[in-house]
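Data first, discussion second: the structure below is written as structure tokens.
Laboratory data are not the source of any read-out in this text; all were calculated from the coordinates shown. Note that the structure is a prediction, hence the values are computed from the model and not measured. Reconstructed Cβ throughout: ideal geometry from the backbone, glycine too, with neighbour counts over all protein chains shown.
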């Protein structure tokens, strides 16, 4: 966020101005001192729990040496139970950095992490791929509860400085230049951001001993695989867009740094995520907005391409589970619904939800678009407890209701439709 050309960062319940590249840790000295105190307490909680246990009551402590009544006992046990629960939650709390935290998936994750009791910071460069005000709106309700770092991951110096001043237990790396078609037009930008930015983040994470790293990958890494559904065990031989190639490269970088520095990494391959706050360039968002307003939509191909659409709540459930995964040091999981729908049927479903017929411009297929995506989620079910609960029949009306309530600021995306 900027005021008269200067950066605005949120610190607790205050907003402060910083220099263009200054990313002094939000909260300054007091925050660092508080963190040291918290860290010290956490070490006591985990390593020397006996220090926090109450001493046993001596005989005769109750007034008149009377026996403890049932009501007193229940009250004491209730208080002890609450204390144990609070201590347990505190011991599990982590300081987590969410990159791309003001975006569609990132803002939902930040909210969920806060509810779970974690200390959350977000990193976002608020670029103009779509209206930055949409991102500011995404985090408006939690802005006073998080630290917001306005950093471009391509700037390795800025990333290092952030990690010099802030210490994190885990990183959820969701930030990326997204979209298949624009990646064909700007491959260097996608390489610099998605590959170079991931490298800068991994280097910084390992330099301060981050314990866990979650990497947001994509179903696009499977290319035109003939084996359906897509399994994590498939050997990836070819991608069909620069965007997909950057995601494969990101996975390999994560694997390498996990091996070299014993960093626990989970790579999550997202399958076309939709729901409230979805980016305006994505198909469901754009189709719904245009059909409702009476504008024509662009349909590329004959409408027989198929997608596995995943509701945002299901994706967040999978990401949260990955933060506690204790299996292989580096692992990969698909997060999808394991169900597909043809493009023409998706358009019909949106028509039914909106109550209007679509005006369709039928255009040739676009380079880089995958003909089919379908996730094999058996591994995620078994090892993460992943359990998608919202089918497209349930999730689509929820999205349409959100959009038509006017919660999504009107913005014209640069790319007509993006399919991850």
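For the peptides 191-203, 95-107, what is the packing order when you average, over each peptide's residues, the other Cβ atoms within 10 Å and list the highest mean first?
The densest-packed peptide leads the list: 95-107, 191-203.
Starting from the eigenvalues of the Cα gyration tensor, five times each then square-rooted, give me the equivalent ellipsoid semi-axes of region 91-404, largest first, whole Å.
31, 21, 19
What order do you get for 113-126, 131-144 when each peptide is scored by the mean count of other beta carbon atoms within 10 Å, highest first?
Output ranking for 113-126, 131-144: 113-126, 131-144.
When DSSP beta bridges are limited to those with both residues in region 91-404, what percentage is antiparallel, rounded to the nearest 5?
Among the beta bridges of region 91-404, antiparallel pairing accounts for roughly 5 percent.
Using the beta-carbon distance between residue 231 and residue 344 and R0 = 35 Å, what value does 1/(1 + (r/R0)^6) give for FRET efficiency, to the nearest 0.05? If you can, show how the numbers build up before the last one.
Values: r = 27 Å, r/R0 = 0.78.
With R0 = 35 Å, the Cβ-Cβ based efficiency is 0.80.
Go through 289-296, 278-285 and give me the packing order, highest mean Cβ count within 10 Å leading. Present the calculation step by step, with values, prior to reporting the outcome.
On the way: 289-296: 14.6, 278-285: 22.6.
The densest-packed peptide leads the list: 278-285, 289-296.
Measuring from the lowest to the highest alpha carbon on each principal axis, how far does region 340-396 reach, largest first, in angstroms?
44, 31, 11
Give the distance, in whole Å, between the Cα centre of region 265-301 and the Cα centre of region 313-367.
Between the Cα centres of region 265-301 and region 313-367 lies a distance of 9 Å.
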